[in-house]
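One structure below.
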Amino acid sequence: MNTEDKLFAGLGLGLVIFYIVLFAAWVTHIITCLSEGKWGFLLAGAIAFPIAIIHGIGIWFGVWH
């Protein structure tokens, strides 16, 4: 395996991890909004998914709850 192949394999793995983190943040947003009854915020996250991802990551770091 040459250097270029290793670079592309590393980038591919990084991209897969990035998408898993985005999906996990989205699921965190949904579960939190459903459990706390934040229907408006749940709807906002459904319409504009970056809101849900930012909120989910914020929950992880304790910025929001």
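Values for this structure:
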read-out	value
3J(HN,Hα) from dihedral phi, the range 52-58, Karplus parametrisation 6.51/-1.76/1.60, rounded to Hz, x for glycine, proline	5, 5, 5, 5, x, 5, x
Estimated distance in nm for a label pair at Trp64 and Leu7, the labels positioned 7 Å out from Cα along Cα-to-Cβ	3.8
Other-chain or far-sequence residues with amide H under 5 Å of Trp64's (modelled H)	Ile59
Stokes-Einstein D in µm²/s, Kirkwood radius over Cα pairs - the chain at 20 °C with 1.002 mPa s viscosity	165
Within a Gaussian network of the chain (alpha carbon springs, distance under 10 Å), most fluctuating of Leu11, Leu22, Leu34	Leu11
Karplus-derived HN-Hα couplings along the range 19-32 (A = 6.51, B = -1.76, C = 1.60, θ = phi - 60°), whole Hz, x at Gly and Pro	5, 5, 5, 4, 5, 5, 5, 4, 5, 4, 4, 4, 4, 5
Among Ile54, Ile17, Ile30, residue whose mean-square fluctuation peaks in a GNM of the chain (springs only between Cα atoms under 10 Å)	Ile17
Built amide H within the under 5 Å cut-off of Lys38, gap 5+	none
Most fluctuating residue given options Ala44, Ala24, Ala52, as computed from a GNM of the chain linking Cα atoms under 10 Å	Ala44
Carbon plus sulfur fraction of accessible area for the chain, probe 1.4 Å, in percent	78
Heavy-atom accessible area per residue - the range 8-65, 1.4 Å, Å²	69
Neighbour-limited loop hits for chymotrypsin sites (Phe, Trp or Tyr not before Pro), the range 1-31 (at most 14 other Cβ within 10 Å; DSSP other than H, G, I, E, B)	none
For the chain: relative contact order, % (alpha-carbon pairs under 8 angstrom, 6 or more apart)	31
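The values are calculated or read from the model by the stated rules, or taken from the named source; none is laboratory data. Computed from a predicted structure; not experimentally measured. When we count neighbours, we look across all protein chains shown, and the Cβ atoms used for this are built from the backbone with ideal geometry, even at glycine. For accessibility, only protein heavy atoms count, side chains too; no ligands or nucleic acids. Shrake-Rupley method; radii C 1.70, N 1.55, O 1.52, S 1.80 Å.
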